[in-house]
Structures are given as C-alpha cells and as structure tokens.
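In what follows, a single structure is set out as structure tokens and then discussed.
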Amino acid sequence: MHDKLNRMKEQYESTPIPDELSSLVNRTIAARRKKNKTLPWLASAAAACILLFAGVNTSPVLAQAMSDVPVLGNIIKVITIREYTEQDDQTNLHMETPGITNLGNAELEQTLNNKYLEENKKLYDNFKDEVAQLHKEGGAHLGLDSGYEVITDNEQLLILSRYIVETAGSSAESRQYDTIDKINQMVITLPSLFKDDRYIQTISDNIKEQMRQQMQDSPDIVYWVEQPGVEPEIPEDIFQSIAKDQNFYINQDGKLVISFNEYDVAPGYMGVVEFTIPTEAIAVGLVSNEYIR
C-alpha cells in the first residue's frame, strides 16, 4: 500500500513545466522584485490544461454554481471548477478541482488554476492505470478521494489545502498547501520566509523535540525519530530533516505549521501529522514578522 502511494505521488508531482509558463513566472518574479525587493516571492507553476479550463466558461450550470459560492475574505473566491465521481463494484473515485477567482493577479490566478487542473488530470490518469492493473490481477477494492479546503482566510492570507486519500485495503492521505498573500497577490513559499537555509535545521530540531515529548506523554503516539538508548527497527525510516520546501501553512494565530503526509514520519495509523513551530524558536531567522507572529 505504501509503495503504491509513493508511486502515484511521484507521478502526481512530476508534471513538467512548459517553457512559456516558466517564462511567465520568471517575468512576474522579476517585476515584483523590481517593485519591492523586500517581498518574498515564488509562484508555483505546472503545465497548462486549456481544454479542461475552458469548461469553466462554457458550462451554464457550472457558471451558475460559481456565482452562488460565498466570498472568502473581501474579494477572492475559491470555487470547484471540476467535479468527477465514478463508482463500481471494485472502484470508488471522487475528485474536486479547486479554482481561485478575483485574485487581482490574472497571470498568477491562471497559473494556479491550470496547475490544479493538470495535477488532478494526471492523478486521474494514474488512478485509471491502477484500476486497469487491478482488473487484470483480480485484486480488491481501490478508491481515490481528492478535494480541497480553506485552512486560513483572513485579511492578508488565503491558504488552500488540497488532499488525496487513496484506499486499497487500508488508506493513505497526502496534502499540499498553497499560501497566498491576498494583499500583495503572490504565493509564499517556506524558503521565502527565512533569511537563509538555517531554518531547515532549526525547525527539524524543534520537531524532533516535539516528537519525543509527545511519545513520552502518550504510549499511543509513535514517530520514527531517534531516541537515546533505543535501537530503531528500520533505521532508514528515521526522521532526519524537513525538506527545504516542506509542506507548511500559517494558521489563524499566525504560527508556522509543518505538515507531513501519512507514512512520512510515523506509522499509517497516525495519519497526516502536523507540528506547530513556536515563533520564538525561529524568530532570529525570519525575514520579517509580516506573516509569522
């Protein structure tokens, strides 16, 4: 199950970025830096999916549904631009693709929405390949649920969480986050919050401390973390460090939250695990206190 999820995850995240889209992002970055060199900026981008995206403007039913979605914050709307359900005796599929409107930056909005469409299209294709293999092997039930939710929505930030839950006997969940500065109309990345790469070690050390403390407080909590005097069962699974672009979001209290997908740092029954990083632990390395307080 874990290996299958990893294969789908690798395929899901390996969508190539076309030259024209990379050029768009680079132009936007350059323009933003010229306007204000203090602003952190890095826009996510993926291949355009024009035919799918066109469906938003050509479906009267979808257009009506979009008009009924309540406004998040003062301007920006998060809408479902494509929903698909499929079910039979062996498979169960439900996918919702989000779209962002009224962002104020048309190029970034288009880039994000194309990314969501393309990633879900790739996820669907991968799932159908798995289903075809399942039918050949006469295997058990296979399910996929893909959707989204708004994690944070305040005057400055809109944070969108997109999740994938794959079921094949047991289930496995993964998440991705987009942190959008609504005022400056840009995507915030983890590296852009810090002065240099030292945040990686600082945050990793704090997470290890939290893991050990949680395990000490409750016998039901298990993390794959090194413990003094304890020999790990599977040394290669021991958590060493977060990634430079680790999954994260900023919660309603202005605190940095680091997120790990199911099976990343703990057994599957622990699910998706998150660690709120105390601001005082990372304050020295922050570029500013604009987002993290």
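The values are calculated or read from the model by the stated rules, or taken from the named source; none is laboratory data. All values reported here derive from a predicted model rather than from experimental measurement. Reconstructed Cβ throughout: ideal geometry from the backbone, glycine too, with neighbour counts over all protein chains shown. The protein model used for the area step is the full one, side chains on, heavy atoms only, and it has no ligands, DNA or RNA in it. Shrake-Rupley method; radii C 1.70, N 1.55, O 1.52, S 1.80 Å.
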### Task
Please verify whether the range 124-140 includes one or more residues that are in contact with a helix residue (DSSP H, G or I) (Cβ under 9 Å, 6 or more places away or on another chain), without any contact (Cβ under 8 Å) to a residue 60 or more places away in the chain and among the small types (Gly, Ala, Ser).
yes
### Task
Determine which member of the set Ser241, Ser174 is within 21 Å of Val265 (Cβ to Cβ) and either open to solvent by less than 20 Å² (accessible area, probe 1.4 Å) or among the aromatic types (Phe, Trp, Tyr) (or both).
Ser174
### Query
Is it true that Asn206 is in contact (Cβ under 8 Å) with a residue 12 or more places away in the chain, surrounded by 12 or more Cβ atoms within 10 Å (Cβ to Cβ), in contact with a helix residue (DSSP H, G or I) (Cβ under 9 Å, 6 or more places away or on another chain) and assigned to a loop (DSSP other than H, G, I, E, B)?
no
### Hits in the range 177-201 (condition: in a helix (DSSP H, G or I) and crowded, with 18+ Cβ neighbours inside 10 Å)
Leu193, Tyr199, Ile200
### Task
Of the numbered conditions (1) assigned to a helix (DSSP H, G or I); (2) more than 17 Å from the chain's Cα centre (by Cα); (3) modelled with pLDDT of 50 or more, Met66 fails exactly one; give the number of that condition.
(3)
### the range 244-293 - residue that is among the hydrophobic types (A, V, I, L, M, F, W, C) and without any contact (Cβ under 8 Å) to a residue 12 or more places away in the chain and, of those, most open to solvent (accessible area, probe 1.4 Å)
Val284
### Message
Could you tell me how many of the residues in the range 214-238 are farther than 26 Å from Gln176 by Cα, open to solvent by 90 Å² or more (accessible area, probe 1.4 Å) and part of a helix (DSSP H, G or I)?
### Response
2
### Query
Taking the range 109-168, which residues are open to solvent by 40 Å² or more (accessible area, probe 1.4 Å), aliphatic (A, V, I, L, M) and in a helix (DSSP H, G or I)?
Ala132
